[in-house]
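Taking it in order: structure first as structure tokens, then the write-up.
A short reminder: the numbers here are calculations on the coordinates, not readings from a lab. It should be emphasised that the depicted structure is a prediction, and the values quoted were computed from it without experimental measurement. Here the Cβ is made from the backbone with ideal geometry for all residues, glycine too, and neighbour counts use every protein chain on show.
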Amino acid sequence: MKRILWTISSVLAALGIAAALLISLNLRGEEPLPAGETLQSTPELIQRGEYLARVGNCMACHTTQGGAPFAGGRGIETPFGVVHSSNLTPDKAHGIGSWTSAEFWRAMHHGRSKDGRLLYPAFPYPNYTQVTREDSDAIFAYLHSLPAAAESNRDHALRFPYNTQAALGVWRALFFTPGAPQPEPTQSAEYNRGAYLVNGLGHCTACHTPRNALGATTDAKAFTGGQIPVQNWYAPALNAAHEAGVKEWKTEDVMALLKTGVAPQGSVLGPMAEVVFRSTQYLTDADARAMAVYLQVLPQQDRKTPVTAAAPPASAMARGSKVYEQHCAQCHGDQGQGEPGAFPALAGNRAVTLADPTNLVRVVLQGGYLPATEGNPRPHGMPPFQQFLSDEDVAAVATFVRNSWGNQAPGVGTIEVYRARERRGL
């Protein structure tokens, strides 16, 4: 009996220690909120906050199609269920009208809501923790200047145990540490500004970094490319010349890609087109240059071995050539040369020869649409072919494009096309 009691006591003590450790890890860096704090808003602060909210692409997640800006309710699909964005308008009942700037800062910096609840990292506070208090206050001032929208917040639809605060607390203890921008003293002010924007409000690593089974990223693999969960687009590596690295580009070309979606070396499609449309096209030239400078200095991945792929079957190449001639050559050219300023070249296009062919298959099926921006207000687009081409045709033309005009990459199978259709309900 004594042994049983001792065992139970030991287990309870261990659980108590673990709980205390978990609580302490989730409170690290937090300070008591000041009482009665008010923020003195000015037109200049609001204008700055509006700009910063655009840099952070906040409206994209916190606005439903046809809904009031920042009123929340958009469902963000994750591998663990759906997280619904919250109302950020100054409505006192449903939004942040009763919040203080300190409570908003705590949400940005520590991922904790006004009532103390832990927030899900679909709200990218692992990146926003890098945002300064001054910038957080400016965003808060801007949000409080918006019309209040009495839109109730929707409950999340997450599976057990991911829908519990306990599970979220464990995740945070393992993968989240509040941070602050750490300027590199050996680098220029422009580089440090770019690092702040890319790693903080820009939250570029949220897509361009692989995630583990629990949905967390690590600094060690930052910018090495990753599959965007549920969306099933591949965000290519930003530190690899054979994917989306820009180290060898002219800085002005990187700026053009960020602000217009088009550069001589390539253009943006898929989720990145939305980022340019809603966010980066509004960057000041100084901030766009700073981001470009930082991205160009990223340590590059070594491509230890060249791409070697077995020659695709002649039958697949013949079928792909016929499909290309019928549906693609008119815009992209007989030799995949494209048309500058209108249709991208496919010959030598690294987006075409990525090891993961998901993006190419998605574009053939769904079409490709560049963002309409001030610098490129009437972009050309590519129509979808999902209603015209069979899985075999899509696989064949993708294989053909990946292995013609000097391109070399593994062929695409029909199973990859089938999976792309199945995942997106095409």
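Numbers for the structure displayed
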quantity	calculated
Cα-based equivalent ellipsoid, the stretch 307-374: semi-axes from gyration tensor eigenvalues, Å	22, 16, 12
Angle between the chain longest axis and helix 391-402 axis [Cα atoms, degrees, rounded to 10]	80
Förster-model FRET efficiency, 60 Å R0, GLN330 and GLN40, C-beta, rounded to 0.05	0.50
Among ARG154, ARG54, ARG278: highest mean-square fluctuation, GNM of the chain, C-alpha pairs under 10 Å	ARG154
Most to least packed among 290-300, 163-173 [average Cβ atoms within 10 Å]	290-300, 163-173
Alpha-carbon centroid distance for the pair the stretch 185-212 / the stretch 34-103, whole angstrom	22
The stretch 275-348 - Kirkwood radius from inverse mean 1/r over Cα pairs (Å)	16.6
FRET efficiency, ALA60 to SER113 (Cβ-Cβ, R0 22 Å, nearest 0.05)	0.60
